[in-house]
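Encoded as structure tokens, the structure appears first; notes follow it.
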Amino acid sequence: MSAERRNSPPETRDRILDAAERLFVEHGFEGTSMRMITGAANANLAAVNYHFGSKDALIQAVFRRRLTALNETRLAALDRLEVEAGEAPLKPSRIVEAFFGTALALAADTEHGGNLFMRLLSRTYDEPNAFVRQFLAEEYAEVMDRFLGALFRALPGVPRTEVMWRFHFMMGAMSFAIAGIESVHAMAGMPYETDDPAKLLPRLMSFLLGGLRAPLPDFGATDTD
């Protein structure tokens, strides 16, 4: 057993992950150095290399720590809905709740790191990091395939391209609401309810469902589909 392994207690890995997660939210992936992470985690670079091997691997570990469980929860919720529905298509609102409701519930968790992680996940929409986006595309592949497929079946009268656009808009709305809510309140002159982030869930779910149910756009003469 190496000296580094003997001197690196189990909690060192968690400290590094916690520090990296917080710093990535505050400074972005490119703006966060390994020196910043080790300083915040009270660890040395050898410990980071031992547990993760590289900064890219550390980024992946930060996301997988919570994203894997989130996506498993989403898929489990969709499985339950499909079993209950039998051969019938699901209600679109139930599909949206299973995907976005679970994420918003995690965003409301300010005690165990859920809120911080969802802010990090939301940041990926604003920061053009090719490595992170490719990694997340792979992590989301099964979930997106299942949920979009369910929406296609639930909305047979809506073109698939339109369903995909609306899902994209819903993802963006959720991410901006989580990551930029302080800025929105400041610009609008509204008080920011720091004491009750759980109120975001019913407010945003109502907005998302309204967007999903909106009339189809009329492209008129410009429609070439």
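Tell me the label-point distance for the pair Ser93, Phe131, using the 7 Å Cα-to-Cβ offset, in nm and rounded to one decimal.
Calculated label separation equals 4.4 nm.
By the gyration tensor of its Cα atoms, with a ≥ b ≥ c the square roots of the eigenvalues, what is the shape of the stretch 54-130: rounded for a/c under 1.5, prolate for a/b over b/c, or oblate?
Judged from the Cα gyration tensor, the stretch 54-130 comes out prolate (a/c at least 1.5, a/b above b/c).
How far is it, in nm, from the label point at Trp165 to the one at Arg203 when both lie 7 Å from their Cα along the line to the Cβ?
2.8 nm
Per residue, how much accessible surface does the stretch 21-150 expose to a 1.4 Å probe? Answer in Å², no decimals.
48 Å²
The values are calculated or read from the model by the stated rules, or taken from the named source; none is laboratory data. Bear in mind the structure is a predicted one, so any value in this text is a computation, not a measurement. A quick note on method: Cβ atoms are made from the backbone with ideal geometry, for glycine too, and the neighbour counts reach across all protein chains shown. Note: accessible area is taken over every heavy atom of the protein model, side chains too, but ligands, DNA and RNA are not part of it. Shrake-Rupley method; radii C 1.70, N 1.55, O 1.52, S 1.80 Å.
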